[in-house]
Structures are given as structure tokens and as C-alpha cells.
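Trainee: I am attaching a structure below and will ask some questions about it afterwards.
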Amino acid sequence: MIKNQPVLGIAACMIFVFGAANAVLAQLPDTESIASLHSLSSQIAAYDPSRKALRLFSPSGGGLSEKKSLAIDGNVMGVAEIPEGYLIATGMSREDRAAPIRITRVSRDGSRSSIVFEFSGERNQINRIMSRGNKIWLDFFDSKYFTKVGYLSPNAQAPWPFTEAASVRMGDSLEVVDDSVFVGRSYGEVQGQDGDLLLFSNGQRTTLPSYRGVRALVATEEPSGPEIVVADGWHQNYGQFAQGRISRLRRFPDSGRYGLEIVAIDADNYGFSKLLALPDQKTSKVVALGNAYVSVFDLKANGEKQVVHKLQHLDRVSDLAVATSPGGSPCVVVLDGGLHVYSDVQKPVPVKPARLSP
């Protein structure tokens, strides 16, 4: 069951600390119980298990304004935006290991909802849901170690048909560009083997260049066409061997082959679990969630790094989302014991977080 919930305005509670070229919002009040973040076009969706709700925020006045809250049953693992509203992916949780994977279509006002896809297996975990053209792409575990990648074809009637594009062991990250499906793997075919980067296109499976395991992927729009940015360098003994690497995959038009270019090797992080492209057509930057820092990497400036946020609550789940502010600049939101908002990340500067008044 999904319905609207009343929303308390939070704009009046915003406390800002200003730096040379960015505005940093101290931890947003009443966000300590948020468990995950999901980027939409102009909003950020935050799953709050304590309220059993998906809370929707919009950039406003250099901070965030909560617009609505949708009550939902289930552990939210992904959110995608569609013309008529949202697709909310739920699955297993610590409290309910047997909960099925469900994709629920929700109208923008929350008044109508329907389940368009459901699956139950040994491990009901959604890794990715994304809308690309007229297809809704999914990456989910259908057993303990194996993942299915494919797409839903939306239609008027539920359930929506699912077309499988690939079945791979531990394919836990996904990006789709036109007819090319890129799957990153933290681990390989057998226990102890490094992961890799796979391409599925025209019925063919190709192993692409990468270094050790791949934990995250994102496509960026470049003048020459889309490029795939990769967070690779992962190793199961991460404390000893893993590297926080940002690499760029480029396709050579003449041969059709791919080459890997190292953008940055970050000594401050041993890995990146999430990569997002900054929603600004004037820049070519990605923001990366590491184990210690959230940083922006400039793809055109030899991987120049700008630290946005130092993680403080290392014993809790951290997450990352981006949205476009009304003025068109990117807004970065970090989940670190609560929500922290960075309204201008073109030139981040170190800022001590402000304390909220009691």
C-alpha cells in the first residue's frame, strides 16, 4: 500500500556554512533514520525505514526542501522515474529475508499504485533499476551468487514482461548505452578470482579492459559521445590490495575495440561503491562515494580530485545522490548519519560542519 503522508517543512531549519565557491548545509534535521538515497532528474528520493516511507526532496535555496512522502511496505533498493510517476524497487531486508523482489509503479501524487514485476528466489536483492528510452533495465540476484540483467517493457496492464539480456555470476553494477549493456563484477567466476567488466551487445559477451574488480559504473555525455567511467581496482582483501581507482573506458571507432584510461588512483580511499555523473552539461565530472571520502573527479583535468565530504559515521551505511538545482547547478547529497547537502561542487573547499542549535 502506498499513499501520501503529511510533510513537515524543513526549509526554516536549514543552517548554512559558506565557503569560497560552495554552500554546505549542516546535517539536515530529522534525517538520521534515512537508509538509502536515489537520484531522480530534479529530486532525490530517500528511503526512511523508521517511517516506512520514501521521502522526496528537491534542491531549494541552496539546500533541500521535502516535497512529499510516500508510505511503502518493503525495503527500498532502487527508484526510477517514469513519465507518469515512479518505479520503486523493494526486496529482502535483515528483518525479512524472504521478502520478494517487487517493482511498484506509483503515480506522482501517490494516489495510485500497482505491482508491475515480482520475483522470488534465494536472494531477493535488486542491484540497479534504471529507465533507458522505453525500457526499464534491472540487475538483480536470482540466486545466492548469480545475477540476471534484462529489461521490463512497460504497457497498460501488469505485470510487465521481462526480457533477459544476461545471466552472470556476481554482476552487481550496470550501465546501458543504446544497445550496449555494461556489467561490472566485484568478483569473478570462482571464489577468490578478481572481478571484471563485461559487455553484452548483439548476443555477444565480451570482457573489456579493467583492473581487478569493478564496483560501480556510470555513463557520461561527452562531445564525442557517451563514455563509461569505471570504479575498478577492487580486491577481496581490500585492506591490503584494493585501490580506489577511477578509470575511463573509450571505444575506438575504427576498430570497435575498447581501451582503458586511468583517470585517478586515490590513496585516501581503497574503493568506490557508487559513481554518479554531475548533472551539468558544462562540466565533465563524476562524484564518487569512497570508504572515507566523497570526492569529485574532473575527467578533463587529469583526474583532479576535489574532496566534498569526509565520512564521519563509518559504522553506518553511507550513500550518495545528485540532483539539479533550480538554477541548473548540480546539488550533491551525502548520507552520513543524516543528510548533508552541497549546493555548489564546482570548487569544493574544506568546511567544518555547523552544529545544530537545540
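Trainee: Contact list please: Cβ distance under 9 Å, first residue in segment 259-274 and without any contact (Cβ under 8 Å) to a residue 24 or more places away in the chain, second residue in a loop (DSSP other than H, G, I, E, B) and surrounded by fewer than 22 Cβ atoms within 10 Å (Cβ to Cβ), pairs at least six apart or on different chains.
Mentor: Listed by first residue and then by second, the contacts come to ALA267/GLN243.
Trainee: Is one or more of the residues making up segment 131-154 of a type in the set (D, E, K, R), under 22 Å from ASP319 (Cα atoms) and buried (at least 22 other Cβ atoms within 10 Å of the Cβ)?
Mentor: For segment 131-154, residues of a type in the set (D, E, K, R), under 22 Å from ASP319 (Cα atoms) and buried (at least 22 other Cβ atoms within 10 Å of the Cβ): present.
Trainee: In this structure, is SER186 under 27 Å from GLU304 (Cα atoms), surrounded by 19 or more Cβ atoms within 10 Å (Cβ to Cβ), hydroxyl-bearing (Ser, Thr, Tyr) and in contact with a Lys or Arg (Cβ under 8 Å, 6 or more places away or on another chain)?
Mentor: Taking the combined requirement at face value, the residue satisfies it.
Trainee: Also: Quick check on my filter: what residues within segment 293-310 are under 19 Å from the mean Cα position of the chain (by Cα) and under 19 Å from ALA321 (Cβ atoms)?
Mentor: Passing the criteria: TYR293, VAL294, SER295, VAL296, PHE297, VAL307, VAL308, HIS309, LYS310.
Trainee: Another question, then. For segment 286-312, name all the residues that are over 18 Å from SER273 (Cβ atoms) and not polar (S, T, N, Q).
Mentor: Residues satisfying the conditions are ASP298, LEU299, LYS300, ALA301, GLY303, GLU304.
Trainee: Under the condition of being free of Cβ contacts under 8 Å to residues at least 60 places away in the same chain and β-branched (Val, Ile, Thr), which residue from segment 102-116 is nearest to LEU87 (Cα to Cα)?
Mentor: ILE103
Trainee: Among the numbered criteria (1) acidic (Asp, Glu); (2) crowded, with 17+ Cβ neighbours inside 10 Å; (3) at positive phi, which single criterion is violated by GLU175?
Mentor: If we test GLU175 against (1) acidic (Asp, Glu); (2) crowded, with 17+ Cβ neighbours inside 10 Å; (3) at positive phi, just (3) comes out false.
Trainee: Another one. Looking only at segment 39-62, which residues are closer than 18 Å to GLN27 by Cβ and within 20 Å of the chain's Cα centre (by Cα)?
Mentor: ILE44, ALA46, TYR47, ASP48, ARG55, PHE57, PRO59 - these are the residues of segment 39-62 that are closer than 18 Å to GLN27 by Cβ and within 20 Å of the chain's Cα centre (by Cα).
Trainee: Answer yes or no: is there a residue in segment 279-293 that is among the aliphatic types (A, V, I, L, M), outside any strand (DSSP E or B) and crowded, with 19+ Cβ neighbours inside 10 Å.
Mentor: No: segment 279-293 contains no residue that is among the aliphatic types (A, V, I, L, M), outside any strand (DSSP E or B) and crowded, with 19+ Cβ neighbours inside 10 Å.
Trainee: Can you tell me which residues in segment 152-163 are part of a strand (DSSP E or B) and in contact (Cβ under 8 Å) with a residue 24 or more places away in the chain?
Mentor: Listed by number, the residues that qualify are LEU152, PHE162.
Trainee: Looking at PHE200, is it at pLDDT 85 or above and either in a strand (DSSP E or B) or closer than 17 Å to SER186 by Cβ (or both)?
Mentor: yes
Trainee: Further question: Only residues that are farther than 17 Å from VAL177 by Cβ, in contact with an Asp or Glu (Cβ under 8 Å, 6 or more places away or on another chain) and buried (at least 16 other Cβ atoms within 10 Å of the Cβ): list them for segment 198-233, please.
Mentor: TYR211, ARG212, GLY213, ARG215
Trainee: Identify the residue in segment 152-188 that is hydroxyl-bearing (Ser, Thr, Tyr) and over 18 Å from the mean Cα position of the chain (by Cα) and, among all such residues, is nearest to ALA98 (Cα to Cα).
Mentor: SER167
Trainee: Restricting attention to segment 214-273, report how many residues are among the charged types (D, E, K, R) and outside any loop (DSSP other than H, G, I, E, B).
Mentor: 9
Trainee: Now for a different question. Within segment 40-60, is even one residue touching a helix residue (DSSP H, G or I) at 6+ places or on another chain (Cβ under 9 Å) and either of a type outside the set (Asp, Glu) or within 30 Å of GLY327 (Cβ to Cβ) (or both)?
Mentor: Yes, some residue in segment 40-60 is touching a helix residue (DSSP H, G or I) at 6+ places or on another chain (Cβ under 9 Å) and either of a type outside the set (Asp, Glu) or within 30 Å of GLY327 (Cβ to Cβ) (or both).
Trainee: So which residues in segment 88-124 are outside any loop (DSSP other than H, G, I, E, B), under 21 Å from the mean Cα position of the chain (by Cα) and not hydrophobic (A, V, I, L, M, F, W, C)?
Mentor: Selection gives THR90, GLY91, ARG102, THR104, ARG105.
The values are calculated or read from the model by the stated rules, or taken from the named source; none is laboratory data. Please read these numbers as outputs of a predicted model, since none were measured by experiment. Neighbour counts are summed over all protein chains in view; Cβ atoms, including those assigned to glycine, are modelled from backbone coordinates with ideal geometry.
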